[in-house]
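Note sheet for the following structure.
Read-outs throughout are calculated quantities, based only on the coordinates presented, and are distinct from any laboratory measurement. What you are looking at is a predicted structure, and each value in this text was computed from that prediction instead of being measured. Using ideal geometry, Cβ is built from the backbone for each residue, glycine included, and neighbour counts are taken over all protein chains shown.
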Amino acid sequence: MSSTSSVCGYVFFLALSDLATEGKWVSIPFFAGDSTIAPSLVRQGLFPCTPYFATVVFTARTLNTFHSLRMRCPRLGKQAFLRSISDMHGVAPRPYLQTQFSAACDLFLRVKEVVRHRVAQLSGRDGPDWRLQNACPACLYKVEGEEALDPPFFLTMDSNNSLKRVERREGYTTADGVKVSGESVEAIDDRAAPRDYYIPAAEVDRFAKGGSEELLKGFLPDPKWAEGTDGCGDGWQNMKEHVTQKARGVYAETGIFGAFCRHSVCLLICDMIRSGELAKYGLAATFHLISVLGKYRLGYDIGCKFEKWVYTHPLTARAALEHGFEAVVGAFHGTGHKRLCQVRKMPIYTTGSGLEAFENMESVFSKSNALAGTTRHASRFHRQRDIVEYFAHADNYDALAGITSLLDSKYRHALQVLARADQLLEAMDGLGLDRADKSVFSTWLDAERAALEKLPTDPPEETLQMEYYRKLVDLGVSQIIASPPMGSPEYDEFNKRTRKEEAERRRVLDRHERCVTVVEDLERRLDIGAGERWTPGSEEWVAAATLTREYQYRKSLDRLQSLIVARLLELSKANMMRKHIAKAIQARSKSLKTALTLYNAAAENLGDRPALTWEEILEMGRLEDFDLLRLAREDIRDVPWAQPGARSTLDLYFQLLRAEEERERLNIEIKRWVTWMKEERDFLQYHERRLKEEGQAARALQVHKYRMQQGRFYGLHQDRLLKLSRLPGFTGSIEPGVGLCRIRRAVLEYGDAAPAAEEPVAGVEAALAASAAAENQTGGDDGGAQDVDDPSDDEADTKAGFEAVLNVAEDRDGAEEGS
């Protein structure tokens with residue numbers, strides 16, 4: 001091994017753990033100038049488990065293999081990996097190796113993070129928000145001459161409660177034999193997670209309900225958002241607090257809250273600490289994203305409510321107004337919202353949304369859930385580090401690696417929808433509409449929205465009239481019970497009953513007196529004079545009775561709708577046929593049977609509303625059918641837009657509009673992506689060549705490895721886009737343009753010459769170059785993987801010692817630059 005450092009006469013005998021050997025004692029030379037044994041080991045590709053008195057070392061190859069496997073199979077833990085190696089070598093597992101392996105992994109990941117940060121510095125990418133501003137080229141990389149998109153890009157946000165972390169507490173048993181948890185016994189570890197994915201908890205707490213009370217004193221929200229409703233009221237909740245109440249006493253972190261672009265690239269993460277999905281997490285993420293990225297459209301399960309929260313919060317309102325913040329509900333979760341919310345916030349009815357469903361969070365979290373088992377008992381730092389490493393790897397090797405496949409599928413879907421244009425014309429002919437006048441569909445949607453806006457609250461006078469009618473009915477019943485005829489045999493018998501019955505009679509009299517008081521109060525509020533009290537059969541009595549029956553009908557329909565939707569959303573995951581869903585719904589819930597019975601009774605009392613069966617409910621399929629049934633005050637069953645054929649035609653029209661928007665957006669995203677691929681390659685080649693010319697071969701090697709990591713999928717991307725460009729209906733271009741990034745444009749002026757051949761390097765760089773030789777030949781790096789630590793926090797005690805290992809590389813770099 002060539003090295004600029006001389007080898008001292010000391011030789012250490014250590015137990016070497018590697019894929020090829022297990023527990024073999026080897027001699028390791030000590031380099032002159034190293035203060036401890038750890039730097040000498042790292043120079044030779046060996047990672048110790050302690051900085052001073054190492055007795056066991058692990059090879060970089062072993063750690064690389066573990067992390068590569070760990071990233072592709074997050075369920076793989078250290079114990080399973082080490083026992084697999086023991087099985088391969090035919091030796092008994094040694095439990096203590098897990099703790100030693102964890103310490104070596106900490107050092108290994110820290111070294112990788114330092115190298116990554118230095119490469120970012122060399123290329124001018126170490127700014128505080130550089131990663132966020134360049135996370136997804138298809139969303140954020142602007143190209144010269146492209147049409148402006150409104151909104152510029154799409155994001156989705158949601159929470160996930162699978163990645164909880166148990167808080168280790170000291171347990172004890174009380175005198176009564178009850179087991180309770182005491183104080184926390186976790187070691188203090190103030191290390192921050194690598195990179196800038198996480199929003200600090202202190203920043204999130206600024207947006208908490210209690211934290212903004214002082215700010216609210218001098219804050220006046222826009223009247224547009226301070227008043228009115230969002231169309232859903234309290235009918236939709238994404239996560240209720242009672243779901244996580246029991247978890248708070250066990251878990252320190254109850255999950256994560258994340259923000260992703262429409263190509264599933266992770267932008268931000270924050271921990272949900274001892275709570276459910278509170279508003280502060282979304283508000284903190286929104287504020288940071290708006291401040292850094294500007295305008296975007298957000299898809300969120302409760303986008304209808306959340307948009308109002310953003311515009312009425314003192315910390316987010318100004319930025320939201322300045323950039324025109326928008327929020328919609330996802331296409332799937334939106335089916336659980338009221339129809340008024342749907343016509344306002346569903347993507348299909350929102351201009352500029354294309355065919356985006358805003359539902360990719362479920363797919364992202366279904367993969368990240370595999371981390372739960374190996375992070376559940378980790379320390380706070382190790383859990384956050386593992387989550388960050390996982391999402392960083394998923395961004396590079398899943399989201400961006402498959403982005404052209406996603407663009408291709410989206411483009412094909414848009415073309416399939418656009419191919420239905422003739423169906424729209426035929427449907428218009430069937431409805432007797434003019435083919436040239438498609439504005440009728442927007443008129444219909446506006447009319448439906450106007451009708452639905454009258455539903456959420458009843459007029460105040462109407463409510464008083466119904467209440468007065470009900471109290472008159474109650475008064476009449478109480479009067480009959482409380483006033484049996486004097487002198488009758490029943491009255492004489494009534495006086496001879498027990499004290500218990502007499503007490504019941506006094507309660508009835510009290511109830512009667514209260515009814516009289518309430519009725520007299522309502523008469524004053526309704527300006528009903530003395531002697532004008534409504535009586536059964538009077539005109540006012542009949543009108544109020546009809547209003548009350550309509551009210552009861554709408555309430556029973558609301559209840560039935562909410563129960564049916566909850567069951568449909570749950571059972572749709574099982575991919576059942578309608579017949580099987582009907583049987584499951586009918587068999588599983590007594591509350592559904594009761595709700596259907598009450599609805600049919602209310603419909604029968606009303607007289608002109610249809611009764612429903614299980615099969616009819618399922619055939620409706622969509623919530624607008626329920627909302628049309630609810631429009632009792634204004635009979636809209638005969639208006640054009642309420643007819644089944646008209647509504648399906650209206651939806652097809654808006655699908656065609658969104659499909660054309662989707663194709664235009666995809667054309668721009670494809671242009672951005674191919675431009676970024678070319679300019680990213682040229683940019684990194686320039687820095688690689690520059691560093692070599694400056695004599696910094698070690699740094700040039702790391703930039704080369706980063707370039708190969710970025711470019712390993714370019715061939716696949718080009719093949720996919722070439723096939724896409726040959727599709728009938730493709731209107732974009734796969735030729736690179738010119739990016740608006742000033743840094744990359746300056747590099748383009750430098751020239752496109754390829755970097756020179758690799759030169760041999762020495763010292764630590766020689767070992768790194770040797771380990772990367774095979775990867776350089778295949779065009780990739782080590783896999784960018786990560787590990788999951790065990791519950792112990794003992795590793796935190798060695799943090800200061802490990803810093804000495806990292807200083808070795810810094811000293812070496814300084815010596816090279818000075819020579």
Return the subset of LYS410/LYS555; LYS410/LYS438; LYS78/LYS692; LYS295/LYS338; LYS367/LYS692; LYS24/LYS367 for which the Cα-Cα distance in this structure is over 32 Å, preserving the input order. LYS410/LYS555; LYS78/LYS692; LYS367/LYS692; LYS24/LYS367
How do ASP189, ASP719 line up, fewest other C-beta atoms within 10 Å first? ASP719, ASP189
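Can you give the FRET efficiency for THR99 and SER366, using 1/(1 + (r/R0)^6), R0 = 35 Å, r = Cβ-Cβ distance, to the nearest 0.05? Don't skip to the end; give the middle numbers.
Details: r = 32 Å, r/R0 = 0.92.
The value I calculate is 0.65.
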If we count other beta carbons within 10 Å of each Cβ, what is the order of ASP176, ASP34, fewest first? ASP176, ASP34
Inter-site label distance for VAL91 and GLU532 at 7 Å from Cα along Cβ, in nm: 10.0 nm
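Starting with the highest mean, order 421-427, 511-517, 526-532 by the number of other Cβ atoms within 10 Å, averaged over the residues of each peptide.
Values: 421-427: 12.9, 511-517: 15.1, 526-532: 10.0.
The densest-packed peptide leads the list: 511-517, 421-427, 526-532.
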Just want the ordering: TYR714, TYR311, TYR172, TYR296, from fewest to most Cβ atoms lying within 10 Å of their own Cβ. TYR172, TYR714, TYR311, TYR296
